Amino acid sequence: VNNNETTLTNDTIYDAANVLVTMSMDRENLGKVEDITRNSFEVFGYDQQDVVGSNVAILMPGFLRKRHQSFLVRYLTSRKTTLFNNQRRSFGKTKKGHIFPINIYVSVYPSLKNGLSYFGILRPIKEFKQYILLSNNGYVDSCTEDITSELSINLNKSKVHISDLCLELGKVNAAFAF
C-alpha cells in the first residue's frame with residue numbers, strides 16, 4: 001500500500017513502534033479487542049490487559065469514537081468500505097487523553113479460533129506539529145500533550161471552547177453575533 005509518507009512492507013509492518021490489534025467482527029462483540037501487542041503501553045499508555053476485551057474505540061479521540069461503531073455496523077450490513085487495505089492518517093488517543101497522529105491500516109483477518117476479525121496496524125507518526133480537534137460547536141474535543149501543558153488546560157475536568165483559547169477569535173465572533 002502506498003502513501004505519501006510510507007509504504008507498507010514487512011519491515012514497516014513489523015516495526016517495533018507499530019501497535020498491532022485484532023478486533024471482533026462478531027455482531028455481539030463488534031469492535032472488541034481480541035489481541036493487541038505489548039507496546040500498547042508505550043504508544044497509548046494502556047497495558048495489554050486494559051485493552052483486550054474493551055472496544056477499540058478507547059484508543060480514539062471523541063469525534064472518531066462516537067462514529068466508529070456505526071462504521072463497523074455499516075460494513076457488516078453492506079460489506080462496503082473505503083478503509084480496508086488502504087493506509088489512512090488519523091489520530092490515536094492516550095490513556096491520559098492526549099492525541100497524536102497515526103497511520104492506520106485495516107483489513108479483514110480470517111482466524112480458525114475467532115472466525116473473521118479486523119486486523120489493524122497503528123503506526124505512530126513522529127512529527128512536531130501540535131493539534132487541537134474541535135467538536136461541531138467549537139469545544140475542544142482533544143489536543144496534543146504539549147498544548148495542554150502550554151495552555152494549562154485539563155480536558156478531563158472541564159469543557160474548553162476555542163474562543164477561550166483564542167481571545168481574538170472570541171472578539172470576531174462577538175462582532176458578528178446577532
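The values are calculated or read from the model by the stated rules, or taken from the named source; none is laboratory data. The shown structure was predicted, so the numbers you read here are calculated from the model rather than taken from an experiment. Heads up, the Cβs are rebuilt from the backbone with ideal geometry, glycines too, and the neighbour counts pull from every protein chain shown. For accessibility, only protein heavy atoms count, side chains too; no ligands or nucleic acids. Shrake-Rupley method; radii C 1.70, N 1.55, O 1.52, S 1.80 Å.
Filtering the stretch 58-101 to residues that are modelled with pLDDT of 75 or more, exposed (fewer than 14 other Cβ atoms within 10 Å of the Cβ) and outside any helix (DSSP H, G or I) leaves Arg88, Arg89, Lys96. If you filter the stretch 109-118 down to residues that are open to solvent by less than 50 Å² (accessible area, probe 1.4 Å) and modelled with pLDDT of 80 or more, you find that the one that is nearest to the chain's Cα centre (by Cα) is Tyr118. Within the stretch 119-146, the residues that satisfy the criterion of being without any contact (Cβ under 8 Å) to a residue 60 or more places away in the chain and open to solvent by less than 70 Å² (accessible area, probe 1.4 Å) are Glu127, Tyr131, Ile132, Gly138, Val140, Cys143, Thr144.
With the stretch 1-57 as the region, which helices (runs of 4 or more DSSP H) entirely inside it contain at least 2 residues that are at pLDDT 85 or above?
On the way: elements: 10-13, 40-44, 48-51.
The qualifying helices (runs of 4 or more DSSP H) are 40-44, 48-51.
If you go through the stretch 19-57 and keep only what is in contact (Cβ under 8 Å) with a residue 12 or more places away in the chain and basic (Lys, Arg), you end up with Arg27, Lys32.
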